[in-house]
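Quick notes on the structure that follows.
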Amino acid sequence: MVSKKVKDLLNNQVNAEFYSAYLYLDFSNYYKDAGLDGYANWYMIQAQEERDHAMLFIQYLQQQGEAVVLEAIDKPDKEYKEFIDPLEMGAEHERVVTDLINKIYAAAYEEHDFRTMQFLDWFVKEQAEEEDNADDNVTKFKLFGSDSRSLYELDAEMKARVYTAPSLTLD
Ligand code: FEO
């Protein structure tokens with residue numbers, strides 16, 4: 001049995017994950033328009049991952065017999081002046097998401113909701129990876145992004161990313 005507080009936080013996370021997908025699609029569109037197809041690809045795949053995260057929260061709530069309420073997804077309102085901007089915003093955004101996951105975990109812990117804690121364990125680990133990848137993108141861009149030839153190679157590297165389904169599955 002999930003408490004109302006934990007249920008509401010889990011439900012809110014559905015929206016937060018869909019917003020992340022929306023934000024990363026916006027990044028992807030920006031790079032596509034700029035001719036950086038590799039970065040566009042990287043964020044398109046990232047958006048798919050975020051959608052997967054949202055679906056996992058939906059499935060988990062449904063497994064617990066809880067109704068899911070879908071709220072409106074905010075419009076991404078970021079403005080990008082330089083190619084590095086979405087990368088830095090992405091790194092910052094992942095830290096916000098980590099904080100949200102930690103808050104759900106803390107609420108579940110307080111209520112001895114071990115099942116939800118176990119479900120969230122995957123996300124705690126995932127967030128460490130997400131932050132690491134986002135920070136890597138910023139670091140690499142700072143190192144090589146100012147030179148057009150290196151940027152071309154960086155973009156090609158980003159194009160090599162392929163989608164993989166999440167390792168967490170819920171029946
Ligand atoms: Fe679903 Fe990037 O966190």
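Kindly express, to the nearest 10 degrees and within the range 0 to 90, the angle between helix 4-34's C-alpha long axis and the longest C-alpha principal axis of the chain.
Helix 4-34 sits at roughly 10 degrees to that axis.
Projected onto the charge dipole of segment 4-159 (+1 at Lys/Arg Cβ, -1 at Asp/Glu Cβ, origin at the Cα centre), which of V97, L10, A128 gives the Cα projection farthest towards the positive end?
The listed residue farthest towards the positive side: L10.
Which value at 222 nm does the chain reach when only helices count, each DSSP H run of 4 or more adding -39,500 (n - 2.57), with the total divided by all residues and rounded to the nearest 500 deg cm²/dmol?
Values: 5 runs with 128 residues, N = 171.
One gets -26500 deg cm²/dmol as the mean residue ellipticity at 222 nm.
Simple spin-label model, 7 Å along Cα-to-Cβ: L170 to M55 in nm?
1.3
State, to one decimal in nm, how far the label point of Q48 lies from the label point of S148, with both points 7 Å from Cα in the Cβ direction.
It works out to 3.2 nm between the two label points.
Using a Förster distance of 30 Å, how high is the FRET efficiency between Q64 and E129, based on the Cβ-Cβ distance and rounded to 0.05?
Numbers: r = 26 Å, r/R0 = 0.86.
Efficiency at R0 = 30 Å is approximately 0.70.
Compute the distance from the alpha-carbon center of segment 86-100 to that of segment 1-52, in whole Å.
Between the Cα centres of segment 86-100 and segment 1-52 lies a distance of 11 Å.
So what is the relative contact order of the chain, in percent, for Cα pairs below 8 Å that sit 6 or more residues apart?
Details: 168 pairs, mean separation 54.0, N = 171.
Rounded, it is 32 percent for the chain.
Can you work out D for segment 60-107 in µm² s⁻¹ from Stokes-Einstein, where Rh is the Kirkwood radius over C-alpha pairs, the temperature is 20 °C and the viscosity is 1.002 mPa s?
On the way: Rh = 13.7 Å.
The Stokes-Einstein estimate is 156 µm²/s.
Determine the sum of side-chain charges near T169: Lys and Arg each +1, Asp and Glu each -1, restricted to other residues whose C-beta is under 14 angstrom from that of T169.
Values: positive: none; negative: D52, E126, D171.
Once all neighbours under 14 Å are counted, the net charge is -3.
Give the Rg (one decimal place) followed by the Dmax (whole number) of the chain, computed from C-alpha coordinates and expressed in Å.
Calculated on Cα positions, Rg and Dmax stand at 17.2, 56 Å.
Distance from a point 7 Å along Cα→Cβ of L100 to each backbone N in segment 49-77: keep the residues under 13 Å and list them by number.
50-58, 71-76
Values in this text are rule-based calculations from the coordinates and carry no lab data. Source: prediction; values computed, not measured. Here Cβ is always computed from backbone atoms with ideal geometry, including for glycine, and neighbour counts include all displayed protein chains.
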